[in-house]
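Data block below; observations after.
The values are calculated or read from the model by the stated rules, or taken from the named source; none is laboratory data. Everything quoted here is computed from the prediction, not taken from an experiment. Because the Cβ atoms are built from the backbone with ideal geometry, glycine has one as well, and the counts that use them run over all protein chains shown. Calculation scope for accessible area: heavy atoms of the full protein, side chains included, ligands and nucleic acids excluded. Shrake-Rupley method; radii C 1.70, N 1.55, O 1.52, S 1.80 Å.
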Amino acid sequence: MTRKSSEHIPGLDVRAPRRPRRGAPVVVMAAALLLSSGASAQQSEAVGGDRVLRVCEDPNNLPFSNRAGEGFENKLAELLARELGWKLEYTWFPQRMGFIRNTLRGRDPDSNRFKCDLVLGVPVGFELASTTKPYYRSTYALVYAKGRGLDSVTVPEGLLRLEPSKLKSLKLGVFGQSPPTDWLLKHRLFDQVVPYQRQSGDPERYPGEIIEKDLATGAIDVAFVWGPIAGYFAKSASPVAMAVVPFQPDPEIQFDFRIAMGVRFGEREWKERIERLIDANRPRIQAILAAYGVPQLDDEGRIMTVPADPSLTRGAKPGK
């Protein structure tokens, strides 16, 4: 059984990072760098020369972004624009194959300038952009509906300690090729998996459907998802109360990832300017993330308790 959703874009680990690929041919990586730096070398205008912050975003991908400006990356973009004293503009494109090509590297046919200059959420070391220092670290989590026999599960390993008949009866929703897939294989639970697609050709679908629809209605019993998606949709699920159980850093399976912002290769001054803004606004950034339920890890891999920005409210239903 295959579900239509899009938590991950092959080649663009922006929304749901997965374990790094090993042994990537040096020649391939070098070619990618040459193409990227070549695009920057052709740039005829300085970023911000017209005092406009142009951000590359998905129009329907809460909790990260949407056209209504309700995602936490929208709030971060607004914060950066205020700090710069610039106008904020978006280039919209679905988070799927071709996102960077059609946004950060794409040019406006009329002006020949780049369509946008900043991607708000990429893993550190992302191959298709030059990444800033990280502004948050999060982890995958499992989510379940309270009151359905799983309330004793307060750490992921607690799932394994359930009564065997109960454990074997569970339907486990997971996105393909994500770290929880390895965890389920390791613990011989993969035959209970309900698989979800990493990307869909339908831009109206969104990753939180795994929680908001299928977990809430009982189509699955446990959802394994990237932390920001888990935290946001578990908080907004109604009338079902949800529990979010983050995975701790693991030496065998990488569940946690550091997330940065991305610019074009070769734009060192622009990257350094964004990094200064990140440093100067780190507590405000963390408070925005906390308001959206994002699990945040400190440098030692421990879950942080961060006060949420009290000014933020989440309005429209995801996907609307």
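Structure data summary
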quantity	calculated
Phi to ³J(HN,Hα) by Karplus 6.51 cos²θ - 1.76 cosθ + 1.60 over segment 261-268, Hz, x for Gly, Pro	10, x, 10, 6, 4, x, 9, 5
VAL55 long-range amide H proximity, modeled H, under 5 Å	GLU89, TYR90, THR91, ASP117
Spin-label model distance (nm) - LEU185 vs LEU84, 7 Å beyond Cα toward Cβ	4.1
Interchain or long-range residues, amide H under 5 Å from VAL194's placed H	LEU172, GLY173, VAL174
Listed peptides 61-69, 225-233, 181-189 by packing density, highest first (mean Cβ within 10 Å)	225-233, 61-69, 181-189
Cα centroid separation - segment 203-219 against segment 104-122, whole Å	31
Average projected area [Cα convex hull, segment 167-320], square nanometres	11.9
Computed P(r) (all Cα pairs; segment 203-278; 10 Å bins; percent)	16, 32, 25, 21, 7, 0
Solution diffusion estimate, µm²/s, Stokes-Einstein, segment 52-185, Kirkwood Rh from C-alpha pairs, 10 °C, viscosity 1.306 mPa s	88
Segment 155-308, dipole about Cα centre (Lys/Arg Cβ +1, Asp/Glu Cβ -1), debye to the nearest 20	140
Within the accessible area of segment 54-117 (1.4 Å probe), percent carbon and sulfur	43
Pairwise centroid distance, computed over Cα atoms, of segment 155-200 with segment 223-281, Å	22
Integer Hz, Karplus 6.51/-1.76/1.60 couplings in order for segment 188-195, x for Gly and Pro	6, 10, 5, 6, 9, 6, 9, x
Two-site FRET efficiency, ARG101 against LYS235, from Cβ-Cβ distance with R₀ of 41 Å, rounded to 0.05	0.75
Sites SER111 and ASP298, calculated FRET efficiency, Cβ-Cβ separation with R0 41 Å, nearest 0.05	0.40
Restraint check, LYS115/LYS271; LYS75/LYS213; LYS166/LYS235; LYS133/LYS235, Cα-Cα greater than 21 Å	LYS75/LYS213; LYS166/LYS235; LYS133/LYS235
Fraction of accessible area attributable to carbon and sulfur, segment 130-212 (%, probe 1.4 Å)	51
Fraction of accessible area attributable to carbon and sulfur, segment 214-320 (%, probe 1.4 Å)	49
Ranked by how many other beta carbons lie within 10 Å on average, peptides 239-252, 140-153 from highest	140-153, 239-252
Long-range Cα-Cα pairs in segment 237-277 (distance over 13 Å), rounded percent	71
Ratio of the Cα radius of gyration of segment 230-320 to 2.2 N^0.38 Å, where N counts its residues	1.32
Normalised contact order of segment 149-231, rounded percent, pairs of Cα under 8 Å and 6 or more residues apart	34
Gain in span if fully extended, VAL124 to ALA46, counting 0.36 nm per residue against the direct Cα distance	25.7 nm
